[in-house]
Amino acid sequence: MTVTDRTSSDFRAALDLYEHASLLELGRLADAERRRHHPESTVTYIIDRNINYTNVCVADCKFCAFYRRPRNREGYVLSFEEIGAKIDECKAIGGVQILLQGGHNPYIPFEWYLELMRYIKRNHPIHIHGFSPSEVVFFSERYGLSVPEVVRQLKAAGLDSIPGGGGEILVDAIRQRVARKKAQTEEWLGVQEEAHRQGMKTSVTMMYGLGESSADRIEHLFRVRELQARTGGFTAFICWPLQPEGTPEMSHYQKTDAVTYLRTLAIARIILDNVPNLQSSWVTMGHKVGQIALRFGANDYGSLMMEENVVSAAGTTYRTTLSEIDRLIRDAGYDPRRRRQDYSLIDDREVAA
Ligand code: SF4
């Protein structure tokens, strides 16, 4: 059941703006909204590491080039020690967070996840941003626990925040077509709401270019805004287009262009007037577009990631270094600042230390 009324004047005005306003007009409106939230000339970024603890998955998302079915010889589950070593490498370059996500692996017991949280906090303490809503729903179904109980137990074991992975398009007609076996719209949003209720901050994503309509994208944004109005738990929004190359069943899809990205980012900034931060997705769009995005609503340059297996498996990644990120942000006219997951700034003296 959708709570978004597509016939409302608010919805129709947003859709009209997205479809008919000029690119520069959208950028101007988005930049004004960005400056309302962030009047200072700072652009933040985070140093973190994406750790995909397993690539074994039974969800069979049509756009995913990363996963392997059970019993495939290329399937893996990282050991605690391997995960610990990756965290140490991340911390060695100033990393303050890990993004811990994996496939829906039916062979891992729930206790493994809880013990992993405890192991990390005991031996390699770092902020754990982990387990997208789709994984939480999978855990709930697989282990016979309610979603609140899964969140409660993961949090008690050491989970700090939940990423917005697997959001794709929050319209069931689209999810049924491309990701039928994983969390549908209400379930996905339900995990986010529960995490907020338990005091966690989370992020939210949108992956577009799945054959959805403009109205579907607007509905996704309205759903996010409605939930945020109730909980205030979203720290940030990030969107990026489908990378069709290398995907099992969507490689024939046309890749959307940079103008579509900037228009989508801008309309997100305009609609999501209650979400404080929007990230630029330079990892999928490249640095040129990533810099322009800072004038189209983004106030954050995302992360200097050490690994991005899911996107890179589909063939599109841009890599960068710390000094290059600083230079790119300065060249775009802003002051670069490192941040934590909750967007608090890291003191320059801590960076130098
Ligand atoms: S996107 Fe995630 S849930 Fe979907 S098939 Fe890939 S690993 Fe599995």
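The values are calculated or read from the model by the stated rules, or taken from the named source; none is laboratory data. Bear in mind that the values here come from a model prediction, so they are computed numbers and not experimental data. Virtual Cβ from ideal backbone geometry, glycine too; neighbours counted across all protein chains shown. For accessibility, only protein heavy atoms count, side chains too; no ligands or nucleic acids. Shrake-Rupley method; radii C 1.70, N 1.55, O 1.52, S 1.80 Å.
Taking only Cα atoms and a 10 Å spring cutoff, compute GNM fluctuations for the chain and point out the largest among Arg36, Arg223, Arg339. Among Arg36, Arg223, Arg339, the largest mean-square fluctuation in the Gaussian network model of the chain belongs to Arg36. The mean accessible area for residues of the chain, using a 1.4 Å probe and ignoring ligands and nucleic acids, is 41 Å² per residue.
Distances between placed amide hydrogens fall under 5 Å for Thr42 paired with Asp335, all partners being 5 or more residues away or on another chain. Entry note, the chain: the mean residue ellipticity at 222 nm calculated from DSSP H runs of n ≥ 4, each adding -39500 (n - 2.57), is -14000 deg cm²/dmol after division by the residues and rounding to the nearest 500. Over segment 103-257, the hull volume per residue, using the convex hull of the C-alpha atoms, is 127 Å³. Under the rule that a partner needs its Cβ under 4.7 Å from the first Cβ, which Cys of the chain have none? Cys with no partner Cβ under 4.7 Å: Cys57, Cys90, Cys239.
Phi angles across segment 145-155 convert, under the Karplus curve 6.51 cos²θ - 1.76 cosθ + 1.60 with θ = phi - 60°, into 3J(HN,Hα) values of 10, 6, 4, x, 6, 4, 4, 4, 5, 5, 5 Hz, Gly and Pro given as x. Return the whole-Å distance between the Cα centroid of segment 105-165 and the Cα centroid of segment 229-252. Their Cα centres are 21 Å away from one another. Number of Lys-Lys pairs in the chain with C-alpha atoms under 12 Å apart and a separation of 8 or more places or on different chains: 4. The calculated FRET efficiency for the pair Leu345 and Gln198, based on their C-beta separation and a Förster distance of 25 Å, comes to about 0.45. With Cα atoms as the point set, the radius of gyration and Dmax of segment 9-352 evaluate to 19.0, 55 Å.
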